[in-house]
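The values are calculated or read from the model by the stated rules, or taken from the named source; none is laboratory data. Predicted model, so just to flag it, every value in this text is computed and none were measured. Don't worry about glycine lacking a Cβ; one is built from the backbone with ideal geometry, like all the others, and counts go over all protein chains shown.
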């Protein structure tokens, strides 16, 4: 677990390196999802062969909150799927690392996302395909909570419940913020648990920064006879004290001094 | 073959594909009935992905199926495919260039039955033509629809196939193939007017051209069932030496084949182009014949328009 924490903070530092280099990007929403992505990619859940990332026999991962993609790129670089020489090309011309995920340009990226709600919906199609192919692989998805304002997400949850798509495990990165403010004030989404239960889904609530709880949730989802949504309670900007719960870091570039301070904190210094 | 409707023709094509390739799946947004495909549901229950009345999810589901190696066909009304799910087609299908086939029924004003504007669609071609890499097919009778479905399955690209209300009549020999990218000369004529058209309004076009011929005035009629990629070289050959070009289509005057040919000729071989299409207006409920008459797109209106340039 200590090692996973180190990896997660390493990914957060990579995100900052990228954002600082291009002076653009979304550190806050990447940091809230960092521990979940780390648990999935480095905790033995997402199986992907760096030599053959397009192999049909692989687990799929869809970062439906696509604006957090520097985090996904950092994970894929660490996995050896994306060559590390690309790291600082994020959002630059000719880069394979687009501002929002592009499944054709970037190895290891399974879905276009960033247009909120659509990644989740596309993941539902992948889950249907794997089921028809009698594959034992899983489709993992991370959705933002603000993203749940998109009607298509509810079209999808209704259908995941209707078809009990058990090869699909959806995490809600419930950091309680969206671009313009709190999800209560802006989206007004209200209680999530009851909504998911009304879609006939098993709901598991966890601390999204606790690796043990993340693993237990995945195990419970796989064991359940119901399709599962994991509501992961998270902190936007998690890992850097001046970013936590400060929504201005939704999309913001740190100063040189802030960058240094953040890296020191992420290294545990 | 026994005469079938232009909608059932979609199912006939799909059944053939599903029999021969287990990767072919039908995605439905409560739209199985649109193509009278209950027998597909009964025969291949696992391969019909029914998402309910949710067109955006249907398109994304098709995208996910294609990304994972399946060959999805999604059927709905043209208006919902092109507008309700417009961004999904653009960002999740066309942008990653996925092997998704989208079939839009009730394409055109005349195919909208008596449903009215909410279920008619005369903007689809204009919208999809702007999506990079999208193939657009507009067959003109049931046999051609069925063959277009099969032809679309043979290319590994996103394809939009426009079909109708189900009421359109057979026009051509059942044995005629459907070849993507080919134009078809439907009436050869020693004329300085070349008319291009596509889809079920070809019936009105042929009637107008036939009547003109009986009056000793001839027009060359070319069907363009592939609107994108536009068969540019063939079109340029057809218009070579022609004084006038006419385009007839059951689509808005903006964005369809008329626009595509205007764009092509304006940069290669500028000619006056006369268009018969839906003007800048929303039509209404009514039979196809009544609508074509009222909105000046029937054989009479086509003939009158052609006479002004002959």
Out of (1) crowded, with 24+ Cβ neighbours inside 10 Å; (2) in contact with a strand residue (DSSP E or B) (Cβ under 8 Å, 6 or more places away or on another chain); (3) within 14 Å of another protein chain (Cβ to nearest Cβ), the odd one out for residue A:66 is which?
(2)
Region B:290-310, residues that are farther than 27 Å from residue B:191 by Cβ and under 19 Å from the mean Cα position of the chain (by Cα):
B:291
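For residue B:33, are the conditions met, namely being assigned to a helix (DSSP H, G or I), in the same structural domain as residue B:148 (by TED's automatic domain parsing), at pLDDT below 95 and closer than 21 Å to residue B:111 by Cβ?
Considered against the rule, which asks whether it is assigned to a helix (DSSP H, G or I), in the same structural domain as residue B:148 (by TED's automatic domain parsing), at pLDDT below 95 and closer than 21 Å to residue B:111 by Cβ, residue B:33 comes out as yes.
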Quick check, is residue A:72 out of contact with any helix residue (DSSP H, G or I) (no Cβ under 6 Å at 6 or more places or on another chain), outside any loop (DSSP other than H, G, I, E, B) and more than 14 Å from every other protein chain (Cβ to nearest Cβ)?
yes
Is it the case that some residue within region B:179-202 is at pLDDT below 95, surrounded by fewer than 21 Cβ atoms within 10 Å (Cβ to Cβ) and touching a helix residue (DSSP H, G or I) at 6+ places or on another chain (Cβ under 8 Å)?
yes
Quick one: how many residues across region A:42-69 are touching a residue at least 60 places away in the same chain (Cβ under 8 Å), in a loop (DSSP other than H, G, I, E, B) and under 21 Å from residue B:92 (Cβ atoms)?
5
All strands (runs of 3 or more DSSP E) inside region B:44-132 with 1 or more residues being within 13 Å of another protein chain (Cβ to nearest Cβ) and touching a strand residue (DSSP E or B) at 6+ places or on another chain (Cβ under 8 Å)
B:48-50, B:71-77
Could you tell me whether any residue of region B:9-18 is within 9 Å of chain A (Cβ to nearest Cβ), touching a strand residue (DSSP E or B) at 6+ places or on another chain (Cβ under 7 Å) and either modelled with pLDDT of 95 or more or within 26 Å of residue B:122 (Cβ to Cβ) (or both)?
no
Would you call residue A:162 more than 7 Å from chain B (Cβ to nearest Cβ), out of contact with any strand residue (DSSP E or B) (no Cβ under 8 Å at 6 or more places or on another chain) and over 15 Å from residue A:69 (Cα atoms)?
yes
Region B:292-310: number of residues that are assigned to a loop (DSSP other than H, G, I, E, B) and on the phi < 0 side of the Ramachandran plot
6
Exactly one condition in (1) surrounded by 23 or more Cβ atoms within 10 Å (Cβ to Cβ); (2) over 17 Å from residue A:159 (Cα atoms) is false for residue B:49; which is it?
(2)
Residue check: is residue B:3 more than 23 Å from residue A:168 (Cα to Cα) and assigned to a loop (DSSP other than H, G, I, E, B)?
yes
Does region A:105-152 hold any residues that are more than 9 Å from every other protein chain (Cβ to nearest Cβ), more than 26 Å from residue B:23 (Cα to Cα) and touching a helix residue (DSSP H, G or I) at 6+ places or on another chain (Cβ under 6 Å), and which are they?
A:116, A:142, A:143
Here are A:208, A:187: which of them is at pLDDT 95 or above and touching a strand residue (DSSP E or B) at 6+ places or on another chain (Cβ under 9 Å)?
A:208
Within region B:255-263, is there a residue that is assigned to a helix (DSSP H, G or I), within 21 Å of the chain's Cα centre (by Cα), without any contact (Cβ under 8 Å) to a residue 40 or more places away in the chain and exposed (fewer than 15 other Cβ atoms within 10 Å of the Cβ)?
yes
Can you tell me which of (1) surrounded by fewer than 16 Cβ atoms within 10 Å (Cβ to Cβ); (2) touching a residue at least 60 places away in the same chain (Cβ under 8 Å); (3) out of contact with any helix residue (DSSP H, G or I) (no Cβ under 8 Å at 6 or more places or on another chain) is the one residue A:1 doesn't meet?
(3)
Just checking: which of the helices (runs of 4 or more DSSP H) contained wholly in region B:141-249 hold 2 or more residues that are closer than 30 Å to residue B:22 by Cβ?
B:142-153
Run down A:49, A:17 and say which single residue is within 19 Å of residue A:237 (Cβ to Cβ) and either touching a strand residue (DSSP E or B) at 6+ places or on another chain (Cβ under 8 Å) or surrounded by fewer than 24 Cβ atoms within 10 Å (Cβ to Cβ) (or both).
A:17
Scope region B:278-291; condition in a helix (DSSP H, G or I) and over 15 Å from residue B:252 (Cβ atoms); matching residues:
B:288, B:289, B:290
For the subset of region B:210-242 comprising residues that are more than 21 Å from the chain's Cα centre (by Cα) and touching a residue at least 60 places away in the same chain (Cβ under 8 Å), which member is nearest to residue B:264 (Cα to Cα)?
B:219
